[in-house]
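Notes for the one structure printed next.
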Amino acid sequence: MSNARANTPKAEPVSEETYQSPISPGVSWYENSCGDRPRYPAIDDNVSCDVVIIGGGFCGLSAALELAKNGTNVVVLDGARFGDGASGRNGGQMGSGQRAGVLELEADLGFDRAKALWDMAEDAKRSLHETAAEHGYETDYLPGQLTPMHRKRYEAEAREEVEVLNERFGYSDIDYLDRDAMASALGSNHYFGGTRDSGTGHVHPMKIVIGLARAAAKCGAVLYENSAATKVALESGRIVVKTATGSVVADKCLLAVNGYHAAKLHPALDSHVMPIQSFIGATAPLGHNSPVLPGKEAVDDSRFVVRYFRRTADDRLLFGGREAYGKATPGDIERAIRRQITEIYPDLADVELTHAWGGNVAITMPRMPYVRELEPGLWTAGGFSGHGVMMAQYTGRLIAEQWLGNSDTIKLLQDLKVPTFPGGLAFRNPLKVLALTWYAMLDRI
């Protein structure tokens with residue numbers, strides 16, 4: 001059995017044109033605008049290392065980078081290409097805080113823990129920017145996030161959240177916009193009032209995936225694509241990961257597969273983390289003088305099935321919001337996304353959609369991450385519930401720091417109560433469809 005670091009494979013840059021992910025539908029605008037996207041080889045040997053990471057998205061690559069730059073011999077396995085899952089295909093919105101709001105967290109956990117989780121998320125923002133600057137890759141960051149209310153009855157809670165953040169959580173970058181101010185910021189009068197957060201923004205997620213992978217490889221991590229793990233087992237005190245073309249033996253393992261755990265690598269993933277498909281469309285450039293989002297902020301609205309959209313640096317509208325629980329084709333995605341765009345921006349009814357794509361979002365019951373040591377040396381992190389652009393990267397880093405003995409901050413996420421989904425394996429998916437259909441109906445009333 002060879003040492004992984006001694007046989008580090010080389011990445012080959014390629015130009016993305018019509019590449020189609022085998023695990024996610026449609027060709028994304030991110031793939032066509034990211035520049036050179038290296039290809040990494042598939043594993044073809046039996047190797048040994050200190051840490052093996054399954055999943056080359058934000059969480060896995062961030063952990064690999066932190067470990068490798070501190071001298072750990074680490075291997076990353078991905079079942080497709082880095083970025084083919086949610087990390088390279090998401091809405092690109094960073095957000096502030098956790099997926100659950102501060103009012104909900106304080107009610108459930110008390111002020112001290114809610115404030116600690118808020119501070120963690122603020123540090124996650126800084127970490128995203130600092131990591132990119134340290135390793136010299138672009139994120140295409142644009143500032144600002146709007147959260148408009150699609151029902152007037154939600155305005156009071158939005159005002160309260162702003163007041164609590166300003167006065168008790170020490171966050172002054174968020175304010176409340178009345179209906180007219182929100183209409184001006186959106187370029188649409190579809191919504192009521194809501195919040196504007198100037199302390200966050202949106203990014204190009206595929207460029208971040210590429211940057212993290214390159215940085216990890218440069219620091220000595222060994223990266224393999226198209227190397228799906230088929231089995232994870234503890235043998236003689238070490239962890240053995242099998243693939244179709246090779247294997248890895250390691251002291252520790254991180255399962256960072258999030259919404260792509262079809263291999264049934266551990267029963268805890270299936271019971272605590274559930275994938276839901278979400279879809280995005282990209283328009284042709286609207287022109288510099290378009291009234292749509294004149295400030296180029298990102299938007300996530302108040303629906304349970306969130307509609308999220310943003311204007312890119314080249315003046316496209318990237319619009320997501322349709323969720324589904326079965327398979328979808330790019331044509332299906334385009335029709336559904338166009339209907340939603342037209343509701344908010346009627347003048348865009350005939351706009352050209354140049355791209356339509358989808359991917360899996362991983363949710364948990366409380367919409368907070370599921371971070372656990374499942375067995376000795378075997379960890380998992382996932383279920384970021386649409387809030388993973390900054391939190392998934394930061395969680396990977398925190399797990400690495402805990403393994404290196406540098407920080408135990410990850411315990412704040414480990415201690416969160418994340419119950420299993422009801423219904424057992426046989427009924428979990430039908431119950432998911434029923435529950436989410438119900439909530440989508442509530443969004444309309």
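Each reported figure results from applying straightforward, stated rules to the coordinates on display, with no laboratory input. Predicted, not measured: the structure shown is a model, and the values here were computed from it.
Numbers below:
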| quantity | calculated |
| --- | --- |
| Tail beyond 14 Å, pair distance distribution of segment 42-101 (Cα, percent) | 64 percent |
| Which listed pairs, of Lys207/Lys264; Lys69/Lys125; Lys69/Lys218, have C-alpha distances above 18 Å, in listed order | Lys207/Lys264; Lys69/Lys125 |
| Linear extension gain, Ala349 paired with Ala284, 0.36 nm per residue minus alpha-carbon span | 22.1 nm |
| Quotient of C-alpha Rg and 2.2 N^0.38 Å, computed over segment 174-224 | 1.96 |
| Theoretical gain in end-to-end length, Phe304 to Ser198 [0.36 nm per residue, Cα-Cα removed] | 35.9 nm |
| Spatial separation of Cα centroids for segment 250-326 and segment 55-127, in angstrom | 15 Å |
| Value of [θ]222 nm, deg cm²/dmol, for the chain, DSSP H segments ≥ 4, -39500 (n - 2.57) each, nearest 500 | -10000 deg cm²/dmol |
| Dimensions (Å) - segment 108-198, Cα atoms, principal axes, largest first | 43, 36, 19 |
| Column: log10 I(q)/I(0), Debye, Cα scatterers of segment 214-363, q = 0.12, 0.15, 0.19 Å⁻¹ | -0.71, -0.90, -1.10 |
| Convex hull per residue volume in Å³, alpha carbons only, for segment 172-290 | 234 Å³ |
| For the chain, the fraction of alpha-carbon pairs in successive 20 Å shells from zero, as % | 26, 59, 14, 0 |
